[in-house]
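J.: Please read through the structure below; I'll follow up with questions.
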Amino acid sequence: MFNAVTRYFSEFRILKSASKDFWLTNAIQFFDGLAYFSMITVLALYLTTNCGFNDMDSGVWVGIYTLYITAFMFAVGSICDVIGIKKSFYIGIGLLAVARLGMGLSPEWLRGANLQLTAKGFIIIMALGTAFMSPVTMTSLRRFTSATTRATGFNVYYLLMNVGAILANALVVDGFRNGFPAIAKRLGALHLPQGALDFIGNGFGEVKGNLAIFDFGFVMAIGALICVILLRETNYAEPSERLEEAHDAKRPLSIFMEVWKEKAFQKLLLFLALTIGVRLVFTHQFLVMPKYYTRVLYSDFELGLANSINPCIIVIGLIVLIPVINRFTTVRLIIIGMAVSAASLVIMAVPLHWILTIPFIHNVTQAYLFIILSQILVFAFGELIFMPRFTEYIASVSPPDKVSSYMALSALPTFISKPINGFVSGILISRYCYDGIRPKIETGNISYNQSPEFMWMIYLILAVMSPIAVIALKNFLTQQKPEAVAATIEEGSAS
């Protein structure tokens, strides 16, 4: 293990040759990640608490947000390949800045139907802005890393993305909503005014805190825009990948159609489609969990702290386990990772009274804390096994002039899974995890098929379909495949 970790860290020496533009790209992603991860944690709560949506409608509109991200990506991927990196960043970040600021301010000025209509409009704008970010970021990382630095570069990208997720949840979400009591206590020694200490220590509360998180996202967009200004778009790390003049004349629609006809992309798309079931588990982290946490436990539950555990495990795992995991083929990692992620729902689906029989658990609160922590730990390990190399693979096998198109179109499985969970989550939450269910759980005045545990049983059944489907079609996926897909399925993603 020690040698494997040593080899892992030695890879980062390669990045000494990485250009300033590579690090600027990661800075853009870091700023945008801070905004995105803090926003997505509270989005469903924001729609309910700040805008007056009911549980079903808030779930539907979070689903619509994720649906439109992928729908827009299908179009903007090829557009990004044509207009270039900087213009794509400017458009995407500009739209995000407008939407985040609007969502942070509109509940202060509007009420009722006007507020809800405005929120819906900003959600669509925010979805379009988000749709630009993913494919152009992958294109930028591909362009600013050479063949020798690319794998390590994507490791750094995934590492920093999860560091951003940790900070967004542990500091931004909990900080704005609940405050920083420890920091306030330390600052008390500086004899700051009591009003300042109260502001820092107590935070804004749930209602104002949600708005502050969107305003924070606007500030992060400004930081990202500054990085884009400094970016040198034509600084190719691999000279052989510099685009031919003829490619610049292509129209987005022609690139779009070319990608769909390529057999390597078709094989990749089928492979990704088999992961739809387990992707529902990923999307429930922000669609279902916030309301689940606050309703089975308490309204001021530390959402940010809970949501920071997963990226913490990912960061540690990237440092310690990836060198070992990379010895296995991609198909094996996919099957194992999806199975582990799906299995994380087992503990949430078992009847609560089973958990209460565990010796060190004495009440309902302890039982749910045990359930939540166990699910987070198991799910994070499953994500760690199979997620990091997916993005690198797609970017690496894409033709240099079609990276954004490949990245956008390969999101088709997400296009299917996220809206499904958005619509389904609203229905399931309103029926099995509604506001006020905790007293019924405390008194035992609720049957299993009316409980939150039954809701998770439904998700568990959907999730296990993915590893089963991959196992059933494994021979087809590994037979007579195009060279590019053969590389990822047979050889894995060796760094």
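The values are calculated or read from the model by the stated rules, or taken from the named source; none is laboratory data. Everything numeric in this text was worked out from a predicted model, so none of it was measured. Neighbour counts run over all protein chains shown; Cβ positions are idealised from the backbone, glycine included.
J.: Can you confirm whether region 400-408 contains a residue that is modelled with pLDDT of 65 or more and within 30 Å of G444 (Cα to Cα)?
T.: No, the conditions are met nowhere in region 400-408.
J.: Quick check: is even one residue across region 41-56 modelled with pLDDT of 80 or more, over 30 Å from N178 (Cβ atoms) and either of a type in the set (K, R) or touching a Gly at 6+ places or on another chain (Cβ under 8 Å) (or both)?
T.: no
J.: Sticking with this one: Looking only at region 455-473, decide whether some residue is of a type outside the set (V, I, T), in contact with a Phe, Trp or Tyr (Cβ under 9 Å, 6 or more places away or on another chain), modelled with pLDDT under 70 and part of a helix (DSSP H, G or I).
T.: no
J.: Could you look through region 155-176, keep only residues that are among the hydrophobic types (A, V, I, L, M, F, W, C) and over 18 Å from T41 (Cα atoms), and pick out the one that is modelled with the highest pLDDT?
T.: L160
J.: Can I347 be described as at pLDDT 75 or above, under 18 Å from the mean Cα position of the chain (by Cα), part of a helix (DSSP H, G or I) and closer than 30 Å to I471 by Cβ?
T.: In short, no.
J.: Follow-up question, since we're still on this one. Does S78 count as assigned to a helix (DSSP H, G or I), under 27 Å from Y236 (Cβ atoms), out of contact with any helix residue (DSSP H, G or I) (no Cβ under 9 Å at 6 or more places or on another chain) and at pLDDT below 80?
T.: no
J.: Does T152 satisfy the condition of being assigned to a loop (DSSP other than H, G, I, E, B) and either closer than 24 Å to M387 by Cβ or modelled with pLDDT of 80 or more (or both)?
T.: no
J.: Kindly check whether there is at least one residue in region 231-244 that is at pLDDT 90 or above and surrounded by 12 or more Cβ atoms within 10 Å (Cβ to Cβ).
T.: yes
J.: For the list (1) on the phi > 0 side of the Ramachandran plot; (2) among the small types (G, A, S); (3) touching a helix residue (DSSP H, G or I) at 6+ places or on another chain (Cβ under 6 Å), I need the number of the one condition that A165 fails.
T.: The failed condition is (1).
J.: If you take the residues of region 451-475 that are over 15 Å from S425 (Cα atoms) and not β-branched (V, I, T), which of them is farthest from the chain's Cα centre (by Cα)?
T.: N475
J.: Please go through region 30-68 and give me each residue that is in a loop (DSSP other than H, G, I, E, B) and surrounded by fewer than 22 Cβ atoms within 10 Å (Cβ to Cβ), ordered by number.
T.: G52, N54
J.: Determine, yes or no, whether L47 is farther than 30 Å from L231 by Cβ, in contact with a Phe, Trp or Tyr (Cβ under 6 Å, 6 or more places away or on another chain) and not basic (K, R).
T.: Yes; evaluated as a whole, the condition is true for this residue.
J.: Suppose we filter region 1-36 for residues that are modelled with pLDDT of 90 or more and touching a helix residue (DSSP H, G or I) at 6+ places or on another chain (Cβ under 6 Å); how many remain?
T.: Count: 12.
J.: Return the residue satisfying two criteria in turn: it lies in region 142-180 and is under 29 Å from A237 (Cβ atoms) and charged (D, E, K, R), and of such residues it is surrounded by the fewest Cβ atoms within 10 Å (Cβ to Cβ).
T.: Restricting to residues being under 29 Å from A237 (Cβ atoms) and charged (D, E, K, R), the top hit is R150.
J.: Right, here's the next one. Given the condition part of a helix (DSSP H, G or I), over 22 Å from the mean Cα position of the chain (by Cα) and buried (at least 20 other Cβ atoms within 10 Å of the Cβ), answer yes or no: does some residue in region 21-29 qualify?
T.: yes
J.: Counting just the residues of region 265-305 that are within 24 Å of A339 (Cα to Cα) and not in a helix (DSSP H, G or I), which one comes out modelled with the highest pLDDT?
T.: V288
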